[in-house]
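Participant: One structure follows; several queries about it will come next.
The values are calculated or read from the model by the stated rules, or taken from the named source; none is laboratory data. None of these values were measured; they are calculated from a predicted model. Note: ideal-geometry Cβ built from the backbone for every residue, glycine included; neighbour counts use all protein chains shown.
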Number of protein chains: 2
Amino acid sequence: MGAAKVSADHPGIDELFALLAYGEVAAFYRLTEEARMAPDLNGRINMALMAAAEMGHFELVSDALEQRGMHVQQAMAKYRSVLESYHAQTIPSTWEEALVKTYIGDALAADFYLEIAEGLPDEIADVVRGVLAETGHSQFVVEEIRAAVAASDQQRSRLALWARRLLGEAITQAQYVMAERDELVDLVLSGTNGLGQLTEFFEKVQRTHADRMAELGLA
Amino acid sequence: MGAAKVSADHPGIDELFALLAYGEVAAFYRLTEEARMAPDLNGRINMALMAAAEMGHFELVSDALEQRGMHVQQAMAKYRSVLESYHAQTIPSTWEEALVKTYIGDALAADFYLEIAEGLPDEIADVVRGVLAETGHSQFVVEEIRAAVAASDQQRSRLALWARRLLGEAITQAQYVMAERDELVDLVLSGTNGLGQLTEFFEKVQRTHADRMAELGLA
């Protein structure tokens, strides 16, 4: 975004990493919980592979936090409530909803974090990008959802509403985190040239969300 | 064991790999299920890391099955009932029982498979050893259990009984698999010089189990 990059020892970076770390563990347990709805072994294996990839990402950000002299679990613990709230507010009731949540939720998280990463020093941005790297298993979700919505208009409108709810809940929780954590707000504002850019930030997240809906056949 | 090595295209090898593959997926879901009993974030993270490692091993054996021209999920499916039975017969009722099950169960599986691997061609044995490689997280289990039994004699005798039950159930299920799958029996007998060695095989598993009990402070 062209802003001056923030310093690598900005305390908001510790907070960002801690949030990412808890996010990966929460995603792991959410995926394994939702895998119970899988109709077959293929679904169970794919959810397990995606969950395992989240822990690979956790290890990456956990190592980065340790290198910054942080106590990983202590730093993570304060993000428990916001992340558990997001999951508690978005419990899928069908296997297709679980798949859409996996896909949209991971992608929204990536949008938020990667946008923030742009204003960070390269070595910090690299950690964020590594944590959010594609796991290569999401093609399975796209195929299952496209097939499900091609077969039923009712399924399509139901899943489109569900995806909109996921977006709304993600934005609510993102704003909540920022309101609670001064270091994070300062980090985001420093990297985005202030509040004007912050509005643009949320608009950009919504545009990317629309592209993704089209990809899933939900537009 | 000095027996002539079996051929790399022995059909029992496909069966062995399929059994290993289902075993990893079953272990993944068992670990994540049992992690619900974890008293803290540290326990949840460690269980998730161990579960993720199981999926890394799954990918290894799944690739090996594919390279042998097998349909992975079809081959795995026939081992569902025996592995789910083992887990259904050994549901832990406390966090400490869950930890002992993780440690003893993984180790017993490794004993069985590595013993069989000795009679197999090198490239096959390498896959088996890769799948069963230590995940590096089990030290966490040893420390938690040693602390728990040092603090309470009642806990010690309770967990010692539990570990014996795990051994019994594992042997029962191993014998059941062999009775059901001719290709596997033939593989094991070819690699072990016949039935005399098979008895020795189970005796060896029990001796290794005793060493492990001592390591956990349960002897």
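Participant: Can you name every residue in segment A:49-99 that is farther than 19 Å from B:Met55 by Cβ, free of Cβ contacts under 8 Å to residues at least 60 places away in the same chain and acidic (Asp, Glu)?
Facilitator: If the condition is that a residue be farther than 19 Å from B:Met55 by Cβ, free of Cβ contacts under 8 Å to residues at least 60 places away in the same chain and acidic (Asp, Glu), then A:Asp63, A:Glu66, A:Glu84 are the ones that fit.
Participant: Tally time: how many residues in segment B:115-169 are free of Cβ contacts under 8 Å to residues at least 40 places away in the same chain and either in contact with a helix residue (DSSP H, G or I) (Cβ under 6 Å, 6 or more places away or on another chain) or of a type in the set (Val, Ile, Thr) (or both)?
Facilitator: Residues meeting the conditions: 2.
Participant: Also, quick follow-up: For segment B:103-219, please list each of the helices (runs of 4 or more DSSP H) lying entirely inside it that holds at least 3 residues being under 19 Å from the mean Cα position of the chain (by Cα) and of a type in the set (A, V, I, L, M). Give the steps one after another, and end with the answer.
Facilitator: On the way: elements: B:122-131, B:139-151, B:153-180, B:182-191, B:195-215.
Passing ranges, in order: B:122-131, B:153-180, B:182-191, B:195-215.
Participant: Counting just the residues of segment A:86-96 that are surrounded by 14 or more Cβ atoms within 10 Å (Cβ to Cβ) and assigned to a loop (DSSP other than H, G, I, E, B), which one comes out nearest to the other protein chains (Cβ to nearest Cβ)?
Facilitator: The extreme case among them is A:Pro92.
Participant: For segment B:1-10, indicate whether the set of residues that are over 15 Å from B:Gly105 (Cα atoms), within 14 Å of chain A (Cβ to nearest Cβ) and touching a residue at least 60 places away in the same chain (Cβ under 8 Å) is non-empty. Break it down into steps so the answer makes sense when it comes.
Facilitator: Within segment B:1-10, the first condition is being over 15 Å from B:Gly105 (Cα atoms), and the residues that meet it are B:1-10.
Right, trim to within 14 Å of chain A (Cβ to nearest Cβ) and you get none.
Checking segment B:1-10: not a single residue is over 15 Å from B:Gly105 (Cα atoms), within 14 Å of chain A (Cβ to nearest Cβ) and touching a residue at least 60 places away in the same chain (Cβ under 8 Å).
Participant: Pull out all pairs, ordered by first then second residue, where Cβ-Cβ is under 6 Å, the residues are six or more apart or on different chains, the first lies in segment B:21-35 and is more than 17 Å from B:Val72 (Cβ to Cβ) and facing chain A (nearest Cβ under 7 Å), and the second is part of a helix (DSSP H, G or I) and not small (Gly, Ala, Ser).
Facilitator: Pairs that qualify, where the first residue is more than 17 Å from B:Val72 (Cβ to Cβ) and facing chain A (nearest Cβ under 7 Å) and the partner is part of a helix (DSSP H, G or I) and not small (Gly, Ala, Ser), are B:Thr32/A:Thr32.
Participant: A:Arg80 - would you say it is surrounded by fewer than 18 Cβ atoms within 10 Å (Cβ to Cβ) and within 15 Å of the chain's Cα centre (by Cα)?
Facilitator: Values: surrounded by fewer than 18 Cβ atoms within 10 Å (Cβ to Cβ): yes; within 15 Å of the chain's Cα centre (by Cα): yes.
Yes.
Participant: With in a helix (DSSP H, G or I), at pLDDT below 95 and within 14 Å of another protein chain (Cβ to nearest Cβ) as the only criterion, which of A:Leu65, A:Leu83 stands out? Break it down stepwise before answering.
Facilitator: On the way: A:Leu65 fails: at pLDDT below 95.
Just a single option satisfies the conditions, and that option is A:Leu83.
Participant: Return yes when B:Glu59 is closer than 29 Å to B:Trp162 by Cα and part of a helix (DSSP H, G or I) and no when it is not.
Facilitator: Judged against the criteria, B:Glu59 is not a match.
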